[in-house]
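As structure tokens, the structure follows; a few thoughts come after it.
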Amino acid sequence: MNMIAASAKIHPSSIVESGAVIGENVKIGPFCYIGPKVVLGDDIELLSHVVVIGRTTVGKGTKIFPNAVVGGDSQSVHHSAVDTELLIGTNCTIREGVTMNTGTVEHGGKTVVGDNNLFLANSHVAHDCRLGSNIILSNNVMLAGHVTVEDRVILGGGCAVHQFTRVGRQAFVGGLSAVSYDVIPYGMLNGNPGLLSGLNVVGMSRAGIDRATIHVVRRAYKQIFEGPESIRANAAAIREDYMDCAPVMEILDFIGAESDRALSSPQRGKA
């Protein structure tokens, strides 16, 4: 049995399978398909030709544009027939041709997307990704499986992020970049292969970080990446000097955390 709110507006050419949950004031335009395990929150709009399938939950206020396919099976060769999930937060914008996949049972079974994110045309979120909030994926961005993208990251058009890679909070990745290694919070990465080119100072300023703090972070950045030892050793050596600077501590904690990938740097071969 469908559970469709009385205020929902569904075009007669669209199909909503039995079992789907459709919230208040949802608008489903022509030629859409909603699978039987889908939950659409209140105030969601599907313009037309949108496919939402799998065990997918979409948060309140999200808008999905034509030809997006949300909740498709993992494209992993290890995908099993076991039900897995895709969880999308509130107020996201999912533009034309975007694809998002559910998780894999071997890795927790969930792909998770936060709130207020913008996914531009033909971008892809693969299985088991973990995305924060206020993120922008520009056109044709490709996230491989198990990628973590923290809050307020901007990924430029056509960039590709390797599986299991972490992109730290408020990092900026330039268009067409190849992200093979973890990107520190507030870092800027460009190129193929992708190399750090400094800090996302514009983004830091827009986030309300004052100029004096930015200068402190710049100093720490130079010590980390231009110091005499490896990146991790340099980071550990300066930790006590920056205990009162939250952005630097965030970078140091990111560097010190366990990861399946090496760290991006201004030059190859130094970890």
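None of the figures in this text is laboratory data; all of them are computed from the coordinates on show. None of the values given here were measured: they were computed from a predicted structure. Ideal geometry is used to build each Cβ from the backbone, glycine not excepted, and the neighbour counts take in all protein chains shown.
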How many residues does the stretch 194-214 hold that are touching a residue at least 12 places away in the same chain (Cβ under 8 Å) and basic (K, R)? 0
Only unsatisfied item for Q75, checking (1) crowded, with 17+ Cβ neighbours inside 10 Å; (2) in contact (Cβ under 8 Å) with a residue 40 or more places away in the chain; (3) not aliphatic (A, V, I, L, M), is (1)
Please find, within the stretch 78-102, the residue that is farthest from V50 (Cα to Cα) out of those that are hydroxyl-bearing (S, T, Y) and surrounded by 19 or more Cβ atoms within 10 Å (Cβ to Cβ). T84
In the stretch 94-130, which residue that is in contact with a Ser or Thr (Cβ under 8 Å, 6 or more places away or on another chain) and among the aliphatic types (A, V, I, L, M) is farthest from F65 (Cα to Cα)? V105
V70 vs. criteria of a type outside the set (K, R) and over 19 Å from V149 (Cβ atoms): no
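Residue-wise test of (1) surrounded by fewer than 18 Cβ atoms within 10 Å (Cβ to Cβ); (2) touching a residue at least 60 places away in the same chain (Cβ under 8 Å); (3) out of contact with any Cys (no Cβ under 9 Å at 6 or more places or on another chain); (4) not in a loop (DSSP other than H, G, I, E, B).
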site	(1), (2), (3), (4)
H127	no, no, yes, no
D151	no, no, yes, no
G158	yes, no, yes, no
Q163	yes, no, yes, no
L176	yes, no, no, no
Long-range neighbours under 6 Å by Cβ, at least six apart or interchain, first residue surrounded by 12 or more Cβ atoms within 10 Å (Cβ to Cβ) within the stretch 238-264, second of a type in the set (D, E): S259/D182; R261/D182; L263/D182
For the stretch 178-193, enumerate the residues that are surrounded by fewer than 23 Cβ atoms within 10 Å (Cβ to Cβ) and not in a strand (DSSP E or B). S180, Y181, G191, N192, P193
